1. Could you count how many residues in region 123-158 are at pLDDT 70 or above, exposed (fewer than 14 other Cβ atoms within 10 Å of the Cβ) and charged (D, E, K, R)?
2. Please verify whether residue 263 is polar (S, T, N, Q), part of a strand (DSSP E or B), at pLDDT below 90 and surrounded by 14 or more Cβ atoms within 10 Å (Cβ to Cβ), treating the condition exactly as stated.
3. Residue 87 passes all but one of (1) part of a helix (DSSP H, G or I); (2) under 23 Å from the mean Cα position of the chain (by Cα); which number fails?
4. If you check 33, 70, 43, which single one turns out to be open to solvent by 30 Å² or more (accessible area, probe 1.4 Å) and modelled with pLDDT of 95 or more?
5. Check residue 206 against each of (1) part of a loop (DSSP other than H, G, I, E, B); (2) open to solvent by 50 Å² or more (accessible area, probe 1.4 Å) and name the one condition it does not meet.
6. Yes or no: residue 43 of a type outside the set (D, E, K, R) and outside any loop (DSSP other than H, G, I, E, B)?
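The values are calculated or read from the model by the stated rules, or taken from the named source; none is laboratory data. Note that the coordinates shown come from a computational prediction; the quantities given were computed from them, not determined experimentally. Note that we place each Cβ from the backbone using ideal geometry, even for glycine, and neighbour counts take in every protein chain shown. These accessible areas exclude ligands, DNA and RNA; they are computed on the full protein's heavy atoms, side chains included. Shrake-Rupley method; radii C 1.70, N 1.55, O 1.52, S 1.80 Å.
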Amino acid sequence: MTALMTTVTDETVFHYVRPLRGDEHGDLLSIWSGHDILFLSRSTPGWALIDAQNQVWGWHRREPEWSTASAALDGFIADPIMRERLVADGFRVLADHGPLLEDFIRGNPSYGLPPLASGPTGRPAEPILPNWGHLLDLAQHAVRGGDPHASTPVEDLILAGRDFHRPAVFKPAVMRRWLASDDAPAALSAMRAAAGRSDSPRTTAEAFALLEPLGCNRSPGDGHTLDAHLSDASTDGDWLIGTCGRCWHPIVEHERPDLTVSTWSLFGDLR
Ligand SMILES: [Zn+2]
């Protein structure tokens, strides 16, 4: 892939298409709930982006730059090559006054990955995003039953005797291949989804930098800052799992009743 790809962000390819950014989601929610500041009538005219199976992938109100179906298609998918490939797969734009917006909003449009055109792709054919609940269960079980010293990565403990597959988003080699492919916008979306409240990375250059294996541990004394995605209050204290707000690596914390805290890296190569 060319060096140009390293500056691509998915915001430059997809607009108002799943997974929606926070501001886009807010816009559509206000239209859906009847608080559209531009249209004070009960329904707002708009355009829906749908695939060959009639699944809704995007929605936008009709306005001057989105006045025709063709202009809307350009608005939804700004990259002409990606647009051509998705249209060849059956993607099209339909006029809508609400029912398709309803479908879209009810389908949790902030979650998931952008549409994938058929043909060669860098998208991994394996589970991509983490199931935090499952990971926290495994981590608690591993730490309680294994060597509780914080220098042992949790995966080493989990792997001792359990069937466990690391989500693709935390496999640096897989992510480097994916980020270097035409499907880089989806790779970025996956990394952002895994990062939770932290909104990084925005560009493939930032994403490649985050795949640096040492993370915060590169500078001695700089510990991780946990952005917790899930917590569990147990009799032996609080357990928290999530990603580091600075280096994005997945970590687990245990806060005991005596307030001592241990932090583990989930994976030994992402410290
Ligand atoms: Zn960190």
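1. 2
2. yes
3. Every condition holds for residue 87 apart from (2).
4. After applying the criteria, what remains is 70.
5. Failed condition: (1).
6. no
Let's see how each residue does on (1) within 24 Å of the chain's Cα centre (by Cα); (2) within 16 Å of the ligand (Cβ to nearest atom); (3) closer than 20 Å to residue 167 by Cβ:
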site: 208; (1), (2), (3): yes, no, yes
site: 222; (1), (2), (3): no, yes, no
site: 242; (1), (2), (3): yes, yes, yes
site: 253; (1), (2), (3): yes, yes, yes
site: 264; (1), (2), (3): yes, yes, yes
site: 268; (1), (2), (3): yes, yes, yes
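For every residue, the table says whether it meets (1) closer than 22 Å to residue 13 by Cα; (2) surrounded by fewer than 21 Cβ atoms within 10 Å (Cβ to Cβ).
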| position | (1), (2) |
| --- | --- |
| 170 | no, no |
| 181 | yes, yes |
| 223 | no, yes |
| 244 | no, no |
| 248 | no, no |
| 253 | no, yes |
